[in-house]
Every structure is written in structure tokens, then in C-alpha cells.
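The block underneath contains the structure these notes are about, expressed in C-alpha cells.
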Amino acid sequence: MKNTKIEVKDLSLYYGEKQALKNISLEIPRNKVTALIGPSGCGKSTFLRCINRMNDLIPSVKITGEMLVEGIDIYDKNVDVVNIRKKIGMVFQKSNPFPKSIYENVAYGPKINGINNKTELDEIVETSLRQAAIWDELKDRLDDSAMGLSGGQQQRLCIARTLAVSPDIILMDEPASALDPISTSKIEELVHELKEQYTIIIVTHNMQQAARTSDYTAFFYLGELIELGKTNTIFTKPEQKQTEDYITGRFG
Amino acid sequence: MTHFEIELEKLKNVIIKIGNLAEGQVQESIKALLSEPIEGKEVKKIESKIDKLDVKIDEICQSIFALQQPVASDLRFIMGSLQMSNEIERIGDLAVSVIKRNKSIKDKHDLIAKFDIAELGKKVELITSKTNAFFLTRDETLFTEIFSLNTAIKIKSNETILEIITEMKSHSKTVVSGTNLVIVIKHLERISDHCTNIAEYVYFIINAKIIKHDKHEDINLE
């Protein structure tokens, strides 16, 4: 694959004795959207969390293999995990703004990274909110509490918060599953725009969302990567029968 | 069976039904050509049945697209069904045109025998039934047979038309009947072409390859 951003080599993950990811090898292209699909428990979210070492927080997890981001194995002992998470942002299923003002939510990351200049912070907040397609809605109420926003707005605010620390990669775990169709469509449109600058990996149960938003789709099943290909191919002519059975709803 | 699978099965059954009706119309048109005129009312009735089924296929497909968001082989089946129903409906219309035109051919029996129209008719009946069988069985050997038959039909039609023209040149009283017979032959040839189009859609459903503008020799049968 040309222009690889992330290369995964023979990655396995164990929760204690149970192997949740089995020898995953794949490449994720730069500045494209890659969707991870598969039934519940197939390992797609576990895999997503491997990309910014979120699984480190779970005791009993053991990981083997390599996760190369820009050629550097992020599981290498010498790698600073905080730095990784700065470069690899994450948006979760349930929007989780801080109980602070809209402005503070976005400025929080840059501030803890040492940026204290008000003009600079103002600029970051505006750019991030613009990129998250929510500036026009919020520009006159930046001091209001983020908790008063609608679910869709909160989710876009969380995306703005992720963008504020200038990541390279954005991981999205079911980012629109709790949103109404209009907010969902805004998030999907946003994903489309953000890929110009970021590499995006999105986990979704909504297959049509994967089809609409992604350039590449990976199908996981029982901890294995069954197939990764161009989304157009996966949804019109998948190579593997298991993929065909899953996307056509004839699974199990 | 899921609700979605029931809908797909329903669509498949309507295609089979409309295909069989069109095949019946083709048989009737050949019969009308080779022997006595057939009952016009029955032909009209079936023509209207075909039209209704054609509309029904559009409705089922529209509803599946809107409600089920089909993908992969299901999507191909529905896309193929929409295209095939157009082709089948055209076959039905052409068969009716053959029946109508047939009435304008005077001294028909002499001309039919002279130019061996029975042979051409037999081939057209065969390609129609093989096309229906291909949709039903997905047996890819039928695909090759359909295209071979189409070539044979084309060759036979061209030869026959040339013979009819020669006949018309030397016997001017055959001009009107001869012209009508040429039109009938062209209709039969078009029926054969529609059969190959249907075969291409069935091929697309099976193999996910769009081959409608390919030369048949280039198609790599898997």
C-alpha cells in the first residue's frame, strides 16, 4: 500500500489467557479514512485501542507483535506514551466533554502542553472549532458550559478538543452511534473533510456509515482480520465469503 | 429466512414468471409464423401480464433499495433484475410484433418454406429457453451456448435476408410479403440480442463483472 501511516505486523492481544486479537497484519494509509467493521466482540475496538496504547490501562493485557506509526514501534520501551496519545487523538462513542466552558474544553489540551498565551490559545480554539464544523454555532457562547450543548454538538466539541493538540491520527470509536440522523450526517461530513489533514480510523457498527465515510474497510471476526480492502470493493465484491455474509446480513 | 431474504426470493420468482411468460410469447410467435394464426386475445392478455410484472419488479426493487440498503451480491441481483426485466419486456413486445406482422405476409407458407424460417425460429426458441435456464441455474456453460446461438442466429438472419432481397429483385410481386418477412426476421434477431443482454446481466450477478460492452471472445469464463 502506498503512503502507509500505520503498519501492523503480526499483532496479538491477550486478556489473560484469552486471545482477543490474532496475528493481525495490515497497513493503514495516510490521509484516508479506514473503517473497522465486524460483529460485537470481534476485536475491532480492542484493535483501535491498540493504536494509541489505550489497552495499557487494562491489567492482564499482553500484546505481541509490532504497531509501527510512521515506522516507529509505539510499543517500544523507549517510546513516550503521552507523546503517542498527543499524536493519536481519540473520539469515543459517548461524548465526554469536561464540565467546563466550551472554550476551556478546547484550550485544555494546549494549556497542559504549555501554551499559555491568550492570543495563541484563542487562535487554536477558533481553528479547532472551525475544523470541527461547530464554530458558527458556538462562537457567541464560548463561555457557556459544554454540558448544556446537544449530544451532536458535544461530540463535535470533543472532536475539536482532539484537534486542538494537533494530532496526526484520529481514532473514532462509534462516534455517531448515539446521535440523531442530522448530527450523524454532520459528523460523517466532518470525517470526510478532516481526512485532508488527518489519518482517520473509525469503528462502526453501522455498515452504511462505514460505506459512506471510509476509503478502506477492514472486516474483523473472532479476533482475526478477515479482509481489508477499498470500501468500494468490500461493499460490491468482497473477496472473502465471511465478509460477504456479514455485510449482506447472512451471518451466523 | 429473514424478511430481506423473503423479499429477494419474491423478486426472483417474479423474474422467473415474467421470463417464462416472455418465452411463451416467443413460442407463440414462432407457431403463428410457421402454422396457422393464433388467438390474438390470449397474446394480448399475456402482453398485459408481462407489463404488470415489469412494473412490479420496479416496485420491489425500489422498495428494497429504500428499505434494505443491499450490498455486494444482493445489490448486483437487484441491479441485474431491473435491467433484465426491461429486456424481458422488450422480448415480449417483439414477439407480439412478430405475431402482428405475420398477418401481412401473403403466400406466407411458400416463403417460410423457401427460406427455412423454421430453422431460424427453432434457434430463437432455444436461445430464449436457455436464457431463462441460465438465470435459474447459473450454469455458466449456458452463457457460452447463448452467445454461440446468437452468432448462429445472426448469420442465418443475414443469409436469409439476402436471399429474400434476391427473390424480391427477380419477382416484384413478392416485394410486400418479402419486406414484411425481413421485418419479422429482424424482430427475431432482436429477441436473440435481448437474450444475450440478459445473459450478460446474469453473468454480472454471478461474477461482479460488467461485460455489456465487451466483445464476447474477451470474456474470461471462470
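The values are calculated or read from the model by the stated rules, or taken from the named source; none is laboratory data. The shown structure was predicted, so the numbers you read here are calculated from the model rather than taken from an experiment. For neighbour counting, all protein chains shown are included, and Cβ atoms are generated from backbone atoms with ideal geometry for every residue, glycine included.
What is the residue count in the stretch B:68-82 for residues that are in a helix (DSSP H, G or I) and within 12 Å of chain A (Cβ to nearest Cβ)? Give the steps one after another, and end with the answer.
Step one: list which residues in the stretch B:68-82 are in a helix (DSSP H, G or I), which gives B:68, B:72-82.
Those left that are additionally within 12 Å of chain A (Cβ to nearest Cβ): B:68, B:72-79.
Of the residues in the stretch B:68-82, 9 are in a helix (DSSP H, G or I) and within 12 Å of chain A (Cβ to nearest Cβ).
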Qualifying positions in the stretch B:9-39 - over 28 Å from B:I105 (Cβ atoms), among the aliphatic types (A, V, I, L, M) and in contact with a helix residue (DSSP H, G or I) (Cβ under 6 Å, 6 or more places away or on another chain): B:L11, B:V14, B:I15, B:I18
Residue that is modelled with pLDDT under 95 and not charged (D, E, K, R), where the choices are A:N78, A:N31: A:N78
Out of B:N150, B:N132, B:N197, sole residue that is touching a Gly at 6+ places or on another chain (Cβ under 9 Å), under 23 Å from B:G24 (Cβ atoms) and either away from chain A (no Cβ under 14 Å) or among the acidic types (D, E) (or both): B:N132
Long-range neighbours under 7 Å by Cβ, at least six apart or interchain, first residue over 22 Å from A:I28 (Cα atoms) within the stretch A:231-252, second basic (K, R) and surrounded by fewer than 16 Cβ atoms within 10 Å (Cβ to Cβ): none
Failed item, numbered, when B:I64 is tested on (1) more than 14 Å from chain A (Cβ to nearest Cβ); (2) surrounded by 14 or more Cβ atoms within 10 Å (Cβ to Cβ); (3) modelled with pLDDT under 95: (1)
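Hey, could you check the stretch A:167-192 for residues that are in contact (Cβ under 8 Å) with a residue 12 or more places away in the chain and polar (S, T, N, Q) and say which is farthest from A:H205 (Cα to Cα)? Walk me through how you get there before you give the answer.
So in the stretch A:167-192, the residues in contact (Cβ under 8 Å) with a residue 12 or more places away in the chain come out as A:167-180, A:182-184, A:186-192.
Within this subset, residues satisfying the condition of being polar (S, T, N, Q) are A:177, A:183-184.
On the way: A:S177: 8, A:S183: 17, A:T184: 13 Å.
Going through the qualifying residues, I end up with A:S183.
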Filtered residue count, the stretch B:155-180, keeping only those that are among the polar types (S, T, N, Q) and either within 24 Å of the chain's Cα centre (by Cα) or at positive phi (or both): 5
Criterion violated by B:E167 - all others in (1) surrounded by fewer than 18 Cβ atoms within 10 Å (Cβ to Cβ); (2) at pLDDT 95 or above; (3) not β-branched (V, I, T) satisfied: (2)
Selection within the stretch A:167-197 - in contact with a helix residue (DSSP H, G or I) (Cβ under 8 Å, 6 or more places away or on another chain) and of a type in the set (S, T, Y): A:S183, A:T184
Residue list for the stretch B:93-123, restricted to those being part of a helix (DSSP H, G or I), among the charged types (D, E, K, R) and more than 23 Å from the chain's Cα centre (by Cα): B:K108, B:D110, B:K114
Filter pass, A:Q197 being more than 14 Å from chain B (Cβ to nearest Cβ) and either assigned to a loop (DSSP other than H, G, I, E, B) or within 24 Å of B:D74 (Cβ to Cβ) (or both): yes
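Working only within the stretch B:11-60, note down all residues that are charged (D, E, K, R) and in contact with a Leu (Cβ under 8 Å, 6 or more places away or on another chain). Don't jump to the end; show me each part of the working.
Start the filter on the stretch B:11-60 by keeping residues that are charged (D, E, K, R), which leaves B:12, B:17, B:23, B:28, B:31, B:36, B:39, B:41-42, B:44-45, B:47, B:49, B:51-52, B:54, B:56, B:58-59.
If the condition is that a residue be charged (D, E, K, R) and in contact with a Leu (Cβ under 8 Å, 6 or more places away or on another chain), then B:K17, B:K49, B:D58 are the ones that fit.
State which residue is farthest from B:G121 (Cα to Cα) when the search covers only the stretch B:1-45 and only residues that are in a helix (DSSP H, G or I), within 14 Å of another protein chain (Cβ to nearest Cβ) and hydrophobic (A, V, I, L, M, F, W, C). Walk me through it before giving the result.
Taking the stretch B:1-45 first, the residues in a helix (DSSP H, G or I) are B:3-34, B:40-45.
When the remaining residues are screened for being within 14 Å of another protein chain (Cβ to nearest Cβ), the result is B:3-9.
The next check asks that each one be hydrophobic (A, V, I, L, M, F, W, C); those that pass are B:4, B:6, B:8.
Numbers: B:F4: 40, B:I6: 37, B:L8: 34 Å.
Applying the filter and picking the extreme gives B:F4.
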Within the stretch A:208-252, tally of residues that are facing chain B (nearest Cβ under 8 Å), touching a Pro at 6+ places or on another chain (Cβ under 7 Å) and not aliphatic (A, V, I, L, M): 1
